[in-house]
């Protein structure tokens, strides 16, 4: 199989696995956020195997399919606004040498996404209304949870690279 065909095939496979994980999240409400977060590992795998462009393709295809076929709109919304693009952003940010700058940029990206949710969906999702101490708590608590997510996500990517990726390359 030539390289271009391999990249397209892997991107399609990872997009399909992402949509399957999102579908499971949409019908299993108790683990919804965790499964949506987990689904982003497939875009990370696309970045590892085929590069940033294919990670973007996996994100775009899975986001579009999620809105078209999933029964619960909250799942593709979470995927689109928070978790789906993060593997690509993480890959680009972690190319920088400064760990402080990396964390600053990651937190800025997260808080920008949270702000989009706040301004456009606050009545539906957050139900804080105009109560600003609730918003401050949301940003602070969200940032702490995001740091924990990033740490766990890094471990998941490490696991993929060291345990699974080698098997993906044996077919070459």
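Throughout, read-outs are computed from the coordinates displayed, never taken from laboratory work. Quick caveat: nothing in here was measured; it's all calculated off a predicted structure. For neighbour counting, all protein chains shown are included, and Cβ atoms are generated from backbone atoms with ideal geometry for every residue, glycine included.
Quick notes on this one:
- Each label point was placed 7 Å from the Cα along the Cα-to-Cβ direction; for residue 162 and residue 112 their separation is 3.2 nm.
- By the count of other C-beta atoms within 10 Å, a proxy for reagent exposure, 6, 163 are ordered fewest to most as 163, 6.
- Relative to the longest principal axis of the Cα atoms of the chain, helix 3-27 runs at roughly 40 degrees.
- For the stretch 25-125, the spherically averaged projection of the C-alpha convex hull amounts to 6.9 nm².
- Sequence of 119, 159 once ranked by neighbouring C-beta atoms within 10 Å, starting from the fewest: 119, 159
- Compactness index (Cα Rg / 2.2 N^0.38 Å), the chain: 1.08
- Rel. contact order, % - alpha carbon contacts under 8 angstrom, at least six apart, the chain: 20
- Note on residue 96 and residue 9: the model spin-label points, each 7 Å out from Cα along the C-beta direction, lie 3.8 nm apart.
- Mean residue ellipticity, 222 nm, helices only, the chain: the sum of -39500 (n - 2.57) across DSSP H runs of n ≥ 4, divided by residue count and rounded to 500, is -25500 deg cm²/dmol.
- The modelled label-to-label distance for the pair residue 52/residue 16, using points 7 Å beyond Cα in the direction of Cβ, is 2.9 nm.
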